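Following: one structure in C-alpha cells, then a few remarks.
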Amino acid sequence: MARYELVKRSVALITLTNPPVNALSSAVRHAMAKSMEQALNDPKVTAVVICGENGRFCGGADIREFAGPLRGPPLVPLLDAIEAGEKPVVAAIEGVALGGGFELALVCHYCIAHFKARLGLPEVTLGILPAAGGTQRLPRLIGIPAALELITTAKPLSSRRVSMLTTPCPPDLDALLEVVTMEVKKKARGVMAPLACIQAVRAAATMPYSKGIKRESELMATLFNSGQARALQYCFFAQRTAGKWTLPSGAQWNNSKPREIRSAAIIGLGTMGRGIVVSLARVGISVIAVESEKKLLETGKQMVIGMLERDAKRRGVSASLNLLKFTLSLQDLKDVDLVIEAVFEDMALKKRVFQELSKVCRPATLLCTNTSGLDVDALAGVTDRPHLVVGMHFFSPAHVMKLLEVVCGPRSSSETIATAMSLGKRMGKVSVAVGNCPGFVGNRMLKPYMDQATFLLEEGATPEQIDKALEDFGFAMGVFRMSDLAGLDVGWRIRKESGLTGPDVDPKNPPRRRHGRRYCPIPDMVCEQGRFGQKTGRGWYMYDKPGGTNAKPDPLIQNLLEMYRSRYAIQPRNISDQEIIERCLFALANEGFRILEDGIAARPEDIDVIYLFGYGFPRHRGGPMFYASMVGLERVLERLEHYHQAHPDVPHLEPSPLLKKLVACGSPSVQTWREHIKTMHSHL
Ligand SMILES: CCCCCCCCCCCCC[C@H](O)CC(=O)SCCNC(=O)CCNC(=O)[C@H](O)C(C)(C)COP(=O)(O)OP(=O)(O)OC[C@H]1O[C@@H](n2cnc3c(N)ncnc32)[C@H](O)[C@@H]1OP(=O)(O)O
Ligand SMILES: NC(=O)c1ccc[n+]([C@@H]2O[C@H](COP(=O)([O-])OP(=O)(O)OC[C@H]3O[C@@H](n4cnc5c(N)ncnc54)[C@H](O)[C@@H]3O)[C@@H](O)[C@H]2O)c1
C-alpha cells in the first residue's frame, strides 16, 4: 500500500502502491502514517520524497470507502503531520494528483511535477468538497480567484500552469464571491457542492487556518451524506460500469478482442455525417466521406473542413485534413475497415445502401448504421455479413456529444460489438451497448416523457411552465426548449411516416386517439404552421430571428392552446410543478424498467449513463433510474398507479412488472436490480 525505501542512505522514498490509481484507501493511509513516522524518527533520513507507483501520483481518497462507515486513520491529521514535520518532504508527481492526492501534494514542502501531470480538485463532481485542507491551503498558495476557479469547476490543470497562478486576494472579496456564486448557480442549477466550496474559500480568506479548516469540515459534513453526493458518486461508477459491456452469450468487454480500425467511410454528409467524420479524423483515422450529389458533397466538405480547423485551433494542434477524402462513388470504399451509414431515416433507402455496401466492400468490412431507431437487424438481413453489422448511434452534434449507443443486433458478433465499443472510446465517447428495438434505449424512453409534457399542455400547463419545472429540477433545458433546438419537423416526419398524423390517418379516428390510446395532436398543429423551432425562428417559443437562441413565450402558442382546449371542451386546471416532474420523470423511468425487463439494456447504470450523456439529465440526480430509487420505488409505484387511474388510456403510466417486482422485494438498491432481472428475457 506504501513502500518505504532508504535511498543514498539519507532520503526516505515513500511510494504509494494501490493500483490502479493509488487511491488513499484506509490501508494506504495506515501505511503512509507508519512510513512517515519511520522517516521522521530515523536520524539518517534528511529528506522525504513521496511518489506513486506506475506513473500515477494519486487519484485521491478512495471513493468506494465513502459508501460505508469511515475506517482507518483519518486523512486530515495525517496530512497535517506531514506538513508540520521537521524534515523537508517533496511530492514527486507523475500522471495524476487529484482530490486528496492534490491535497497531499499541497502539504508537501516542495512539489516536482512532470509536465504531463494533471493536478486538480474534482470533489464537486462527486457532490463533496476538498476536505483534506484543499479549500484552505490552495487559496493561500495561489490566491482566491484562481483557487475558486479550480475548486468550484473541478477543472484539472497541467503542472506547468501552476507557476502562472499567482493572483492575490482581490480588494473586493464579496463582489468576487458574488460573481462566482452567480456563475456556479447558472452552470449547475441546484447543485450544492460548488456553493459549499465558495463558502469554504471565503473562510480561507477571512479566517485563520485553524478556523477555516473547521469550517471546511462542517461544510463537508453537510455534503458527505447528501443525496447529491450519492448521485454523483453513483454516476462516477456507472460510467465505468457501462464500458464493461456483457452479453448473455458470455461475450464481454474483457474476453472479446476489438479489431483495429485504421480507415473508415461515412455515407451521408448531413447533420450527423459531418460530426462523425470530425470525430474519426481527429483521432487519426482516415475517412472517406460519400454524398449523393456533387453540390451536397462540396457543401459537406467545406463544413467538415471548417469544423476540423476550428476544433484543431481550440486544441492547439494542426487539423488532420490530409486524412480526408470526399467522393460520390461507393466504389471507393472497397478497402475501408468500417463504414458508418448516416443517410436519411428511411428504411428502404438504408437497405439499398447496405445492399450496395455488401457488394462493394471487402468481406471483412464492418457495416454500421447511425439510425436513431430503425431495426438494425433488418439492415443486417440485406447484407452478406449480418454478423459484421451493428448500430453506432451518435447524438447531435456528433463531434461534441459524448454518448454513443452501440446497438447490438441478434446477429452482431462479439468482435463487431467490441470493435464499435472500442472505436467509441477512442473517439472520446462514452459508449453503451444496447439491444435492438424501436428507438433503442434513449429515444424509446423519450416518447413517454414527451407525451406527458404535451398531455400536460392539453390539461392547462404552458410550455414555459413545464420547462421551468424541468429546469428547476436540473435539466439544462426543458423539453420544449430542447425540442425547438433539435427541430420539431424531425418528430413530425416520423409521426407522419408511422401514420399518426397527416393524410394517412383514418378520418373516423377520434382526433385525440390513435390505436385506442390517448394522442396529443398539438405538436402536429405547431408544425403545420411552419413552426419548426429555432431554425425557423418560431416553435414552442418565438426567437428574434431564424437561428436565434433567445426563447420568449409566444402569445400565438398561448392562443393555440386556448382554442384547442375550447374546441375539445377541456377545462384547463392549475398544474403543480410536482405533477409535472412526477408525470414526466416517472413515465420516463417506467419505460426504463420495461427496457430492463425486455433486456434492451443490461443494467440500470447503462440507462442512466445514456440519459446523463445523451439527454442532459442532471448529473446530481444520478439519471432516471437512480432518481427513481432515491425517490423510493414504492412512492414511484404509488404515483404511477395514481396517474394511470386518472389517465387509463395512457399505457406508459401503467407501472411496469419489474417496478412492482422490485417493490415486492423490498426496493433493493439500484446496484442490485440486475439480480432481479436475470431471469427475464434478453435482447442483448
Ligand atoms: C457526518 C459525516 C462527516 C463526513 C466527513 C468525512 C470526511 C472524510 C474526509 C475526506 C477527506 C477528503 C479527501 C478528498 O478531498 C476527497 C477526495 O479525494 S474524493 C476523490 C477525488 N478524486 C477523483 O475524483 C478522481 C477520480 N478518478 C478519476 O478521475 C480517474 O479514475 C483517473 C484517476 C483520472 C484515472 O482515469 P483512467 O486512467 O481513465 O482510469 P479509470 O477512471 O477507468 O479508473 C480505473 C479504476 O480505478 C477506479 N478509481 C479511480 N479513482 C478512484 C478513486 N479515487 N477511488 C476509488 N476508485 C477509483 C475506477 O473506478 C476504476 O475502477 P473500476 O470502476 O473500473 O473497477
Ligand atoms: N439529426 C439528429 O439529431 C440525429 C441524431 C442521431 C441519429 N440521427 C440519424 O442519423 C441519420 C442521418 O440524419 P441527419 O440528421 O444527419 O440527416 P440529414 O438529412 O442532415 O443528412 C442526411 C444526408 O444523407 C445524404 N444522403 C441521402 N442518401 C444518400 C446516399 N444514397 N448516398 C450518400 N448520401 C446520401 C443526404 O444528401 C444528406 O446530406 C438518420 O438515420 C437519423 O435518424 C440523426
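The values are calculated or read from the model by the stated rules, or taken from the named source; none is laboratory data. Remember, predicted model here, so these are calculated numbers, not experimental data. Cβ sites come from the backbone with ideal geometry, for glycine too, and all protein chains shown count toward neighbours.
Things to note:
- If you filter the range 374-423 down to residues that are part of a loop (DSSP other than H, G, I, E, B) and over 26 Å from the mean Cα position of the chain (by Cα), you find that the one that is nearest to ligand 1 (Cβ to nearest atom) is SER413.
- Apart from one condition, ARG274 fits all of (1) surrounded by 22 or more Cβ atoms within 10 Å (Cβ to Cβ); (2) under 19 Å from ARG352 (Cα atoms); (3) within 9 Å of ligand 2 (Cβ to nearest atom); the exception is (2).
- Beta carbons closer than 6 Å, at least 6 apart along the sequence or on distinct chains, pair a first residue in the range 103-126 that is more than 28 Å from VAL184 (Cβ to Cβ) with a second that is assigned to a loop (DSSP other than H, G, I, E, B) for HIS109/PRO88; HIS114/GLU94.
- You will find that of ALA319, ALA289, ALA281, the residue that is at pLDDT below 95 and surrounded by 20 or more Cβ atoms within 10 Å (Cβ to Cβ) is ALA319 and no other.
- Residues that are among the β-branched types (Val, Ile, Thr) and touching a residue at least 40 places away in the same chain (Cβ under 8 Å) within the range 491-515 comprise just one, ILE494.
- Residues that are more than 21 Å from LEU280 (Cβ to Cβ), within 32 Å of the chain's Cα centre (by Cα) and not in a helix (DSSP H, G or I) within the range 346-367 comprise just one, ASP346.
- Residue in the range 163-177 that is closer than 25 Å to VAL96 by Cβ, assigned to a helix (DSSP H, G or I) and at pLDDT below 95 present: no
- Single residue of the range 200-253 satisfying the filter (at pLDDT below 90 and either of a type in the set (Val, Ile, Thr) or within 24 Å of SER669 (Cα to Cα) (or both)) that is nearest to ligand 1 (Cβ to nearest atom): THR246
So that you can scan it fast, the table gives a plain yes or no per residue for (1) loosely packed, with under 14 Cβ neighbours inside 10 Å; (2) in contact with a strand residue (DSSP E or B) (Cβ under 7 Å, 6 or more places away or on another chain); (3) part of a loop (DSSP other than H, G, I, E, B); (4) in the same structural domain as SER159 (by TED's automatic domain parsing):
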residue: ALA31; (1), (2), (3), (4): no, yes, no, yes
residue: GLU37; (1), (2), (3), (4): yes, no, no, yes
residue: LEU40; (1), (2), (3), (4): no, no, no, yes
residue: ILE50; (1), (2), (3), (4): no, yes, no, yes
residue: GLU65; (1), (2), (3), (4): no, no, no, yes
residue: PRO73; (1), (2), (3), (4): no, no, yes, yes
residue: LYS87; (1), (2), (3), (4): no, yes, yes, yes
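- Output for the range 303-316, where each listed residue is at pLDDT 95 or above and either among the β-branched types (Val, Ile, Thr) or surrounded by fewer than 11 Cβ atoms within 10 Å (Cβ to Cβ) (or both): VAL304, ILE305
- Qualifying positions in the range 10-29 - more than 9 Å from ligand 1 (Cβ to nearest atom) and either in a strand (DSSP E or B) or more than 18 Å from ILE63 (Cα to Cα) (or both): SER10, VAL11, ALA12, LEU13, ILE14, THR15, LEU16
- In this structure, GLY284 qualifies as away from ligand 2 (no atom under 16 Å from the Cβ) and free of Cβ contacts under 8 Å to residues at least 60 places away in the same chain.
- ARG573 closer than 22 Å to GLN452 by Cβ, assigned to a loop (DSSP other than H, G, I, E, B) and in contact with a Lys or Arg (Cβ under 7 Å, 6 or more places away or on another chain): no
- Restricted to the range 590-683, the set of helices (runs of 4 or more DSSP H) holding at least 2 residues that are in contact with a Gly (Cβ under 7 Å, 6 or more places away or on another chain) comprises 604-614, 624-631.
- Total residues in the range 45-85 satisfying the condition of being touching a helix residue (DSSP H, G or I) at 6+ places or on another chain (Cβ under 7 Å) and not hydrophobic (A, V, I, L, M, F, W, C): the figure is 8.
- Looking at the range 190-270, none of the helices (runs of 4 or more DSSP H) lying wholly inside it contains 3 or more residues that are in contact with an Asp or Glu (Cβ under 7 Å, 6 or more places away or on another chain) and exposed (fewer than 15 other Cβ atoms within 10 Å of the Cβ).
Residues are listed down the side, and each one gets a yes or a no for (1) among the β-branched types (Val, Ile, Thr); (2) within 16 Å of ligand 2 (Cβ to nearest atom); (3) farther than 30 Å from ARG314 by Cβ:
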site	(1), (2), (3)
ARG362	no, no, yes
LEU367	no, yes, yes
ALA378	no, yes, yes
PRO386	no, no, yes
VAL390	yes, yes, yes
LYS402	no, yes, no
VAL407	yes, yes, yes
SER412	no, no, yes
THR416	yes, no, yes
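- Residue in the range 520-527 that is acidic (Asp, Glu) and either within 30 Å of MET347 (Cα to Cα) or touching a residue at least 24 places away in the same chain (Cβ under 8 Å) (or both) present: yes
- Which listed residue, of MET182, MET207, MET192, is aliphatic (A, V, I, L, M) and under 23 Å from GLY68 (Cα atoms): MET192
- In the range 94-122, of all residues being more than 18 Å from LEU78 (Cβ to Cβ) and outside any loop (DSSP other than H, G, I, E, B), the one that is nearest to ligand 2 (Cβ to nearest atom) corresponds to PRO122.
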